[in-house]
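The values are calculated or read from the model by the stated rules, or taken from the named source; none is laboratory data. Remember, predicted model here, so these are calculated numbers, not experimental data. Reconstructed Cβ throughout: ideal geometry from the backbone, glycine too, with neighbour counts over all protein chains shown.
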Amino acid sequence: MASAQTPFAGLSPSCHLLLEAKAKKGLTFEKIAESINKPEVWTAAVFYGQAKPSSDDLAKLGEVLGLDQEQLKSSFGDHHMVHRGETWTWPPKDPVLYRLYEVLVVYGYSYKALIAEKFGDGIMSAIDFRTSVARKPDPKGDRVVITLDGKFLPYSSTAEGGTWTRENC
């Protein structure tokens, strides 16, 4: 069931507008994402101020949510700058967010080691990135499947024109 309740008082009025319209229409993020032809997690990220919608996305969101296009453009238009990560406190207090934090605390170095073994010295991009959440039926209780799909970015060991040295850093 959709709800106008938000987990943070620090969300912008624009985010509250989106969340209230979502609740009023009784829509899920999945339904909204299908309507605007975008990934579900990205769609939710827009509602929490963590992703930037295009003009086309805003037009589709306005249509789906019954919101004024000009109001959306004035809130999320080209001038809008996303402040990623500012909705968090560390460690998180919400139980779901804390479990995700705990996963990284417990398995973070294991992920890092496995990435190094399988790909080499580098990182997983959070920019060239896809993520999803799915429900997997299980006789012992349904499971939450979170997929993190990021491009591997190797660390560079060379500068333009040669190898990195103390002198050319």
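Could you go through region 35-57 and let me know if any residue there is crowded, with 16+ Cβ neighbours inside 10 Å, of a type in the set (Gly, Ala, Ser) and at pLDDT 95 or above. No: zero hits. When residues in region 42-74 are screened for being in contact with a Leu (Cβ under 9 Å, 6 or more places away or on another chain) and part of a helix (DSSP H, G or I), 13 of them pass. The set of residues in region 108-124 that are surrounded by 13 or more Cβ atoms within 10 Å (Cβ to Cβ) and either in a helix (DSSP H, G or I) or not assigned by TED's automatic domain parsing to the domain that holds residue 149 (or both) comprises 111, 115, 119. Just to be sure, is residue 31 modelled with pLDDT of 95 or more, under 19 Å from the mean Cα position of the chain (by Cα) and either assigned by TED's automatic domain parsing to the domain that holds residue 127 or crowded, with 17+ Cβ neighbours inside 10 Å (or both)? Taking the combined requirement at face value, the residue does not satisfy it.
For (1) at pLDDT 90 or above; (2) of a type in the set (Gly, Ala, Ser), each residue gets a yes or a no:
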site	(1), (2)
77	no, yes
93	no, no
99	yes, no
104	no, no
113	no, yes
135	yes, no
140	yes, no
144	yes, no
165	no, no
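Within region 91-107, being loosely packed, with under 11 Cβ neighbours inside 10 Å and not β-branched (Val, Ile, Thr) holds for 91, 93, 95, 104.
Screening residue 127 against (1) β-branched (Val, Ile, Thr); (2) under 18 Å from the mean Cα position of the chain (by Cα); (3) surrounded by 11 or more Cβ atoms within 10 Å (Cβ to Cβ) leaves a single unmet condition, (3).
Conditions tested, residue by residue: (1) touching a residue at least 40 places away in the same chain (Cβ under 8 Å); (2) within 24 Å of residue 10 (Cα to Cα); (3) in contact with a strand residue (DSSP E or B) (Cβ under 8 Å, 6 or more places away or on another chain).
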position	(1), (2), (3)
64	no, no, no
74	no, yes, no
90	no, yes, no
94	yes, yes, no
99	no, yes, no
103	no, no, no
106	no, no, no
120	no, no, yes
132	yes, no, yes
